[in-house]
There are 2 protein chains.
Amino acid sequence: MGNVVDLLRTRFGAGAVLTGAEADARYRVDFSHENACAPLAVLRPTSTDEVAAILRECHRARQRVVVQGGLTGLAGGATPQANEIAISLERLTGIEQIDRAAQTMTVRAGTPLQVVQQAAADAGYLFPLDLGARGSCTIGGNIATNAGGNQVIRFGMMRNLVLGLEAVLADGTVVSSMNRMLKNNAGYDLKQLFIGTEGTLGVVTRAVLRLWPKLPSKVTALCALRGFDEAVELLHGLQARLGGSLSAFEAMWAGYFHYVLEHMPALRSPFSERHPLYALVEVEGTDHAADTAHLEAALGESLDSGVVADAVLAQSARESKNLWAIRDGIGDVTPTLQPLLAFDVSVTVESMAAFLAAVGAAFARFPDPVTNLVFGHIGDSNLHLAVTTHRARDLGKLCDVVYEAVGQHAGSISAEHGVGTLRRDYLHHSRSAAELEVMRRLKAALDPHGILNAGRVLPD
Amino acid sequence: MGNVVDLLRTRFGAGAVLTGAEADARYRVDFSHENACAPLAVLRPTSTDEVAAILRECHRARQRVVVQGGLTGLAGGATPQANEIAISLERLTGIEQIDRAAQTMTVRAGTPLQVVQQAAADAGYLFPLDLGARGSCTIGGNIATNAGGNQVIRFGMMRNLVLGLEAVLADGTVVSSMNRMLKNNAGYDLKQLFIGTEGTLGVVTRAVLRLWPKLPSKVTALCALRGFDEAVELLHGLQARLGGSLSAFEAMWAGYFHYVLEHMPALRSPFSERHPLYALVEVEGTDHAADTAHLEAALGESLDSGVVADAVLAQSARESKNLWAIRDGIGDVTPTLQPLLAFDVSVTVESMAAFLAAVGAAFARFPDPVTNLVFGHIGDSNLHLAVTTHRARDLGKLCDVVYEAVGQHAGSISAEHGVGTLRRDYLHHSRSAAELEVMRRLKAALDPHGILNAGRVLPD
């Protein structure tokens, strides 16, 4: 394999090909922190043409490559495997254009999400994708994993926010579909091939993102609920009453909510009592007084009907931030939940209670206690389970329990974190043999030598 | 070829295979009314399994098939070509389920759009796709062509309204991805392969559609504008002020607007003067008084600033309907515009004025007068041009003019009507050689014998 590295050195100059100690530890593992592995070499192209040239050489030499963005993934997808060359897009950055007439932004794949959000805001627009890793994760990674986050209920996942993109196929072919138009049905919509396929079908190098007009008003409320059915009733009631301005509905089961409060002394529950479930609700719009009045009226009605047991409306940006801190507290309490299994699954709302009951019952049968903190975006069918136990040998069995329950409830083993290497062997719980076979046909059609992110998503 | 038909007769019974006079004229051509051709036979499967069985036989025999929904397409895609067997989905109909908890509807592909809209409304929901052919077009056709329509600015195209689908590949493999969840990244999102690919990669048999809470309030206004720049300013101003409740923004250039009024005596302009451009604006929400007040305030400001020259707000559902009748009048005046070239193109808002100027200048150089009525969804970058001339021999040249101008302005030759056979040879104006090559790779991977809707979208 050494000769490909030499070839790349000859082609791009020794300085462009990092090996040994030059290839910093950060290229060895993603945020899953599992199976760290040094790549053969790290290449950091600064242009689409360089990405294409690198892939042409690797394709010719049957050299496997792993593509890296911000390395904030949780599924092992960007962690090198033995004898892979890493292509890091960390130098393929920058915003190329903001088109005010079309309300689009053209951006290079290595640009961090937060830079894009800020540039949009500075220009008077909203780029609605948002997630905890915003400072490090990249637009290319967001596209490759079809990232979700907190505002999916209103704006959809990354797939809905991308109008056009450019990708390089495994053989170095540049496929440029930099569409800036909302409607375009001139032939197959090729960008779909590269969204959510985790870099297995091509390397995304640039994208055209859709921008929205800024929503200057934000109203946040926290609701205490008597149970899951009430949470669904509240969600549907708010959706019907607020006509699309509901931008977040984050459910937190009591176990999660109180665990966070216990471990983060700076935070406090606004409620005197303990409740089975909490929902963080946010409405964004253009008229703060009207938005507040609408949400207040809706919550008042829900309190009267008994759907909501208690509720508080944030009276300031600081209060809103404190409510969100409970929801985002999972990031802060992670060190206390080791070894952590972070599940990111989908099941339909109808099946959610049964799914959680089945998982809870199975966990209760383990000899040692299992901690299971549940929260998520129920309007998106998406649940996060933060699971830990003291018995390391039970971890694999806990995964089996969750993914088998997902399969039994016709759910998805990955709602928004992706499959990568770590969930690959559970994929059959969510996809049929025919579906997997079509995925393999696509992979073979676009990457016949299987050099691109091999072993991710699909078994090797 | 006759023996395949015999085989299908043996397999499905003589009554299931229509040939000769039994194969009604309606199976011979779509709404483009061009190149009518009788199919070898018409098969009308009533289940996914039957579709699969038919395709298995055809795949084995290398027998080409054309897939038919409501035959309302304008691109020739569903019109049979010589020696094709037609698979009509007209008997694969019915709504299987409305899931209130997940807010989804499961439906068979042959179900007409209007039936779906009505069923959603009856259950208290909105299915937001809407277009003129709603009574005849089918959900399967809407998916295959990634249909657009009037509410794309708010809800997106059909691609955004489909959560899951089931399709049968050319070889009879059933790929069932009937996802009902908003977030699902468990492997490649295979449904994208069948949305907007016009039946060339598979036959859509069932789908899971996303439903929205009903929007009970609707406010319609017609604005007279001083020019195109003002239309864009109005659009952006309304988007920014109304925070997502703007559900339609239909532009009508004076030529179109007054042609419709002249030919439809029942309709009347609400304005005393003639203006260069008109915009039909609609806001939908849950609070009629508030929605009206917001739109009135926004239009008042636009009148004060001179962006809008004049405006009327519909005071009743009847008045709203009358305003829409002008926009929808293209359907009524079509008989007076023969032979009609109906262009459906996209160019970015920034390029729109230059594109129209280039087309207008080129039309003016034709020896005989060319009628060019322009209207469209400028918020979606989508323009419709209804073009006619008395010299039939100029029709091809008029197409060249428009599509070359589309290419020069980096636009799309098909915004929402699809490519079919009629626009296939212009596709290179919108897509690069590399893009076309990837489309061919996909086609070969999923339909190796090229039996499915051959010659549609891609050159044969």
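For segment B:110-127, a tally of residues being farther than 17 Å from B:Gly285 by Cα and part of a strand (DSSP E or B) returns 1. Only one of the listed residues (B:Asn146, B:Asn142) is among the polar types (S, T, N, Q), within 14 Å of the chain's Cα centre (by Cα), at positive phi and open to solvent by less than 30 Å² (accessible area, probe 1.4 Å). That residue is B:Asn146. Of all residues in segment A:286-298, those that are open to solvent by less than 50 Å² (accessible area, probe 1.4 Å), among the hydrophobic types (A, V, I, L, M, F, W, C) and under 15 Å from A:Gln315 (Cα atoms) total 2. Looking across segment B:269-293 at every residue that is at pLDDT 95 or above and part of a loop (DSSP other than H, G, I, E, B), the one that is farthest from the other protein chains (Cβ to nearest Cβ) is identified as B:Ser272.
Residues in segment A:404-427 that are assigned to a helix (DSSP H, G or I) and either of a type in the set (Asp, Glu) or facing another protein chain (nearest Cβ under 10 Å) (or both): A:Glu404, A:Val406, A:Arg424, A:Asp425, A:Tyr426, A:Leu427. Can you find, within segment B:231-255, the residue that is nearest to the chain's Cα centre (by Cα) among those that are away from chain A (no Cβ under 13 Å) and within 19 Å of B:Leu356 (Cα to Cα)? Across segment B:231-255, the extreme among qualifying residues is B:Glu250. Return the residue satisfying two criteria in turn: it lies in segment A:38-59 and is part of a helix (DSSP H, G or I) and among the small types (Gly, Ala, Ser), and of such residues it is nearest to A:Thr19 (Cα to Cα). For segment A:38-59, the residue satisfying everything is A:Ala53. For segment A:164-180, filtered to residues that are surrounded by fewer than 24 Cβ atoms within 10 Å (Cβ to Cβ) and over 16 Å from A:Leu55 (Cβ atoms), the residue that is farthest from the chain's Cα centre (by Cα) is A:Met178.
Any residue at all in segment B:73-82 that is outside any loop (DSSP other than H, G, I, E, B), within 14 Å of chain A (Cβ to nearest Cβ), in contact (Cβ under 8 Å) with a residue 12 or more places away in the chain and not aliphatic (A, V, I, L, M)? No, that holds for no residue.
Only residues that are within 14 Å of chain B (Cβ to nearest Cβ) and either surrounded by fewer than 24 Cβ atoms within 10 Å (Cβ to Cβ) or assigned to a loop (DSSP other than H, G, I, E, B) (or both) were counted in segment A:92-109, giving 8.
Being surrounded by fewer than 12 Cβ atoms within 10 Å (Cβ to Cβ) and assigned to a helix (DSSP H, G or I) is the requirement here; does A:Asp304 meet it? Yes: the conditions hold for A:Asp304. Please determine whether any residue of segment A:446-454 is without any contact (Cβ under 8 Å) to a residue 12 or more places away in the chain and outside any loop (DSSP other than H, G, I, E, B). Within segment A:446-454 (the criterion being without any contact (Cβ under 8 Å) to a residue 12 or more places away in the chain and outside any loop (DSSP other than H, G, I, E, B)), the answer is no, since none of the residues qualifies.
Pairs please, first residue from segment B:385-397 and farther than 28 Å from B:Glu250 by Cα, second anywhere and open to solvent by less than 40 Å² (accessible area, probe 1.4 Å), Cβ atoms under 7 Å, 6+ apart in sequence or on different chains. Pairs that qualify, where the first residue is farther than 28 Å from B:Glu250 by Cα and the partner is open to solvent by less than 40 Å² (accessible area, probe 1.4 Å), are B:Asp394/B:Phe366. Within segment A:216-229, the set of residues being under 20 Å from A:Leu242 (Cα atoms) and crowded, with 16+ Cβ neighbours inside 10 Å comprises A:Ser217, A:Lys218, A:Val219, A:Thr220, A:Ala221, A:Leu222, A:Cys223, A:Ala224, A:Leu225. Only one of the listed residues (A:Arg431, A:Arg441) is assigned to a loop (DSSP other than H, G, I, E, B), within 9 Å of chain B (Cβ to nearest Cβ) and either open to solvent by 10 Å² or more (accessible area, probe 1.4 Å) or among the aromatic types (Phe, Trp, Tyr) (or both). That residue is A:Arg431. Scanning segment B:361-383 for residues that are more than 21 Å from the chain's Cα centre (by Cα) and open to solvent by 30 Å² or more (accessible area, probe 1.4 Å) yields a count of 9.
Among residues of segment A:1-34 being among the polar types (S, T, N, Q) and part of a helix (DSSP H, G or I), the one that is nearest to A:Phe343 (Cα to Cα) is A:Asn3.
As for segment B:205-215, it holds no residue that is within 9 Å of another protein chain (Cβ to nearest Cβ), in a helix (DSSP H, G or I) and open to solvent by 10 Å² or more (accessible area, probe 1.4 Å). Taken together, the residues in segment A:181-195 that are touching a helix residue (DSSP H, G or I) at 6+ places or on another chain (Cβ under 9 Å), within 8 Å of another protein chain (Cβ to nearest Cβ) and either without any contact (Cβ under 8 Å) to a residue 60 or more places away in the chain or open to solvent by 10 Å² or more (accessible area, probe 1.4 Å) (or both) amount to 10.
Within segment A:128-170, the set of residues being more than 24 Å from A:Ser346 (Cβ to Cβ), more than 10 Å from every other protein chain (Cβ to nearest Cβ) and part of a loop (DSSP other than H, G, I, E, B) comprises A:Gly135, A:Ser136, A:Ala170. Looking only at segment A:44-91, residues that are in contact with a Ser or Thr (Cβ under 6 Å, 6 or more places away or on another chain) and surrounded by 19 or more Cβ atoms within 10 Å (Cβ to Cβ) come to 9 in all.
B:Ala120 meets all of the listed conditions (1) more than 11 Å from every other protein chain (Cβ to nearest Cβ); (2) under 10 Å from the mean Cα position of the chain (by Cα) but one, namely (2). Per the listing B:Ala309, B:Ala254, the residue uniquely at pLDDT 95 or above and touching a His at 6+ places or on another chain (Cβ under 6 Å) is B:Ala309.
The values are calculated or read from the model by the stated rules, or taken from the named source; none is laboratory data. Since the model is a prediction, treat every value here as computed from it, not as a measurement. All Cβ positions, glycine included, derive from the backbone under ideal geometry; neighbour counts span all protein chains shown. All accessible areas refer to the heavy atoms of the entire protein, side chains included, with ligands and DNA or RNA removed. Shrake-Rupley method; radii C 1.70, N 1.55, O 1.52, S 1.80 Å.
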